[in-house]
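Take a look at the structure set out below.
The values are calculated or read from the model by the stated rules, or taken from the named source; none is laboratory data. Model, not experiment: these values are computed from the prediction. Glycine gets a Cβ as well: all are built from the backbone with ideal geometry, and neighbour counts include every protein chain shown.
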Amino acid sequence: AYHLSFFLLLVVGVCWAQYSPNALSGRTSIVHLFEWRWADIALECERYLAPNGFGGVQISPPNENVIVTDPWQPWWERYQPVSYKLCTRSGNETEFRDMVTRCNNVGVHIYVDAVINHMCGAHAGAGSHATCGSYFSAKTEDFPAVPYSGWDFNDDKCKSRSGDIENYHDISQVRDCRLVSLLDLALEKDYVRSKVAEYMNHLIDIGVAGFRIDAAKHMWPGDLKAVLDKLNDLNTKWFSAGTKPFIYQEVIDLGGEPIKGSDYFGNGRVTEFKYGAKLGTVIRKWNGEKMAYLKNWGEGWGFVPSDRALVFVDNHDNQRGHGAGGASILTFWDARLYKMAVGFMLAHPYGFTRVMSSFRWPRNFVNGRDVNDWVGPPSNADGSVRPVTINADTTCGNDWVCEHRWRQIKNMVIFRNVVDGQPFSNWWDNGSNQVAFGRGSKGFIVFNNDDWDLNISLQTGLPAGTYCDVISGEKEGNTCTGEQVYVSGDGIARFHVSNNAEDPFVAIHVNAKL
Ligand code: AAO
């Protein structure tokens, strides 16, 4: 029996490595530092992410992209590749290598947003308006800096009238035609697969730990697998020999389309978009939803299996009306509800969690649509991205929101690490929007999203003692800057959570015991 289980472990370990985030043990979340400069990420790894137990960073696409001038340098220009050279508004290759090295050295890993489904838009023009100055021509599909030429694109395969994806119910169209006019690479060609793999292997050799696969829905799972099969194991300077890159594929599956997230399980994890859309609906109390219904959150709500899911409350698209999820998505703009949603996500065992970290932009709704949804990161007159400055109170300046530095969110990232591996336990609800649950004997959380007070004794599962609520404050030395919770010998504690509290939830865990 011993030999058999050892053998199974080995097989499972080898074949399933791409589902594992490759984070240090006990580090259970990553943060998307959207549009940050590499120099700032290196500093953030050292001064904040490592000391607070973050497992890694999803970075914006590091490869050369088109410089879009109408509108002026939108954030989305980075999803229009021109080559696989590592220079963008976030920095050049030297800065990229420095970031990866410094973050890895403090145990914070880097996950690259890999844009490999397409190159730039068909109307992007020609010349050298690209972030490394490489020449390209969208019209003739010429990208000499890779090089790709007309032969390397899917035009002949696409059967839609316009050449763009017109119908998401037609699987071939979704995968062989152009997503919003972006020139669609022919990933069935070994040459294209090899160029993409060469790019990804360059990043792996520098030391990255995995990839978000952009627009995975728009690639055939088998074509993507052929690319992934060409990838190197991770750099043994920081990872044990034989470790494969973590793969999470952006597949938007809200139901109702023929392409399913599960079609991609053979390659790695998938983004579970139902998660943020549903959680937003529940916390907003729309459509008759209430937090009491969260008792069977996870697979019980029709989500993909937990070990196949990458979850998030909002992402860089749906926080500004792009992609999918709709109006229910909670973001930093709705800070009070947002903190509850992120708190719930980080306390709940389902999925591998990604925290969003945004920049502020001048939202301007005209007929219900934000006409400034394109606005790029805080930048100077010459187009350079402004650095992330840190204020005396640890928040960020220069219009960087830094949700990951909000005390409530940072402390819940730590909570998730502390309760890692503990079961979902001691659920309680009032049949409405007051709910509580624990994670075995390590942590307990209580929410009051009703319009009245909560004052109740609950079984926490925790050892007796005085705990510091990590939402209203945190443990500093042997004192608590927030509310205290007293757990008696039988595990029961009294919770008082006012519906008028700044943050109407309370969280305690064994590392915040006084
Ligand atoms: C820009 C311009 C375009 C222009 C293009 C080329 O905006 O007008 O044609 O340049 O010049 C980002 C931006 C795009 C931008 C692009 C390139 O968001 O605006 O285009 O860079 O610069 C689909 C894809 C998904 C994609 C998402 C935005 O499936 O992969 O659209 N996300 C990723 C990135 C994103 C990036 C790209 C891909 C491209 O995260 O930042 O685009 O690299 C349905 C489908 C979804 C589909 C959405 C939106 O969703 O299911 O698959 O996502 O439509 O088209 C309900 C439904 C839900 C439905 C949704 C919206 O919620 O339940 O299923 O409605 O209809």
Quiz prompt | Test for residue 275: is it without any contact (Cβ under 8 Å) to a residue 60 or more places away in the chain, over 14 Å from residue 200 (Cα atoms) and more than 12 Å from the ligand (Cβ to nearest atom) | solution = no
Self-check item: Among residues of the range 238-264, those that are in contact (Cβ under 8 Å) with a residue 12 or more places away in the chain, away from the ligand (no atom under 12 Å from the Cβ), part of a loop (DSSP other than H, G, I, E, B) and farther than 20 Å from residue 30 by Cβ, counted
Solution: 1
Quiz item: Any idea how many residues of the range 304-334 are crowded, with 18+ Cβ neighbours inside 10 Å, closer than 30 Å to residue 363 by Cβ and at pLDDT 95 or above?
Solution: 17
Self-check item: Any chance residue 105 is within 15 Å of the ligand (Cβ to nearest atom) and under 24 Å from residue 210 (Cβ atoms)
Solution: no
Self-check item: Cross-chain or 6+ apart pairs with Cβ under 8 Å, the range 366-381 first and farther than 23 Å from residue 89 by Cβ, then in a loop (DSSP other than H, G, I, E, B) and within 13 Å of the ligand (Cβ to nearest atom)
Solution: 369/321
Exercise. Please tell me if residue 346 is crowded, with 17+ Cβ neighbours inside 10 Å and part of a loop (DSSP other than H, G, I, E, B).
Key: no
Quiz item: Given the residues 64, 44, which is the only one that is more than 18 Å from residue 387 (Cα to Cα) and surrounded by 22 or more Cβ atoms within 10 Å (Cβ to Cβ)?
Solution: 64
Quiz item: What do you reckon, is residue 301 more than 15 Å from the ligand (Cβ to nearest atom) and surrounded by 19 or more Cβ atoms within 10 Å (Cβ to Cβ)?
Solution: no
Quiz item: Which residue, of 316, 348, is within 16 Å of the ligand (Cβ to nearest atom), closer than 28 Å to residue 45 by Cβ and not charged (D, E, K, R)?
Solution: 316
Exercise. State the number of residues belonging to the range 481-514 that are surrounded by fewer than 14 Cβ atoms within 10 Å (Cβ to Cβ), without any contact (Cβ under 8 Å) to a residue 40 or more places away in the chain and closer than 19 Å to residue 430 by Cβ.
Key: 2
Quiz item: Does residue 163 qualify as being within 19 Å of the chain's Cα centre (by Cα), more than 10 Å from the ligand (Cβ to nearest atom) and not charged (D, E, K, R)?
Solution: no
Practice problem: State the number of residues belonging to the range 70-97 that are away from the ligand (no atom under 12 Å from the Cβ), in a helix (DSSP H, G or I) and of a type outside the set (Phe, Trp, Tyr). | Solution: 4
Quiz item: Among the residues of the range 429-487, which ones are closer than 19 Å to residue 410 by Cα and in a loop (DSSP other than H, G, I, E, B)?
Solution: 442, 469, 470, 471, 472, 473, 474, 477, 481, 482, 483
Exercise. Would you confirm whether any residue within the range 413-428 is among the hydroxyl-bearing types (Ser, Thr, Tyr) and out of contact with any strand residue (DSSP E or B) (no Cβ under 7 Å at 6 or more places or on another chain)?
Key: no
Practice problem: Select the helices (runs of 4 or more DSSP H) contained entirely in the range 142-229, then report the ones holding at least 1 residues which are in contact with a helix residue (DSSP H, G or I) (Cβ under 8 Å, 6 or more places away or on another chain) and farther than 26 Å from residue 257 by Cβ. | Solution: 190-206
Quiz item: Can you spot a residue in the range 241-261 that is under 26 Å from residue 168 (Cβ atoms), surrounded by fewer than 22 Cβ atoms within 10 Å (Cβ to Cβ) and in contact with a Leu (Cβ under 9 Å, 6 or more places away or on another chain)?
Solution: no
Exercise. Being assigned to a helix (DSSP H, G or I) and over 17 Å from the mean Cα position of the chain (by Cα) is the filter; apply it to the range 17-41 and report the residue that is surrounded by the most Cβ atoms within 10 Å (Cβ to Cβ).
Key: 38
Quiz item: If we scan the range 472-480, do we find a residue that is touching a residue at least 40 places away in the same chain (Cβ under 8 Å), exposed (fewer than 14 other Cβ atoms within 10 Å of the Cβ) and farther than 25 Å from residue 284 by Cβ?
Solution: no
Exercise. Residue by residue through the range 449-477, note down the ones that are of a type in the set (A, V, I, L, M) and in contact with an Asp or Glu (Cβ under 6 Å, 6 or more places away or on another chain).
Key: 471
Quiz item: Of the numbered conditions (1) within 12 Å of the ligand (Cβ to nearest atom); (2) assigned to a loop (DSSP other than H, G, I, E, B), residue 330 satisfies every one except a single condition; which is it?
Solution: (1)
Exercise. Kindly list the number of the only condition in (1) touching a residue at least 24 places away in the same chain (Cβ under 8 Å); (2) more than 24 Å from residue 27 (Cβ to Cβ) that fails for residue 327.
Key: (1)
Quiz item: Quick one: is residue 178 away from the ligand (no atom under 15 Å from the Cβ), basic (Lys, Arg) and either more than 19 Å from residue 249 (Cα to Cα) or at pLDDT 95 or above (or both)?
Solution: no
Quiz item: If you take the residues in the range 108-150 that are within 15 Å of the ligand (Cβ to nearest atom) and β-branched (Val, Ile, Thr), which one is surrounded by the fewest Cβ atoms within 10 Å (Cβ to Cβ)?
Solution: 131
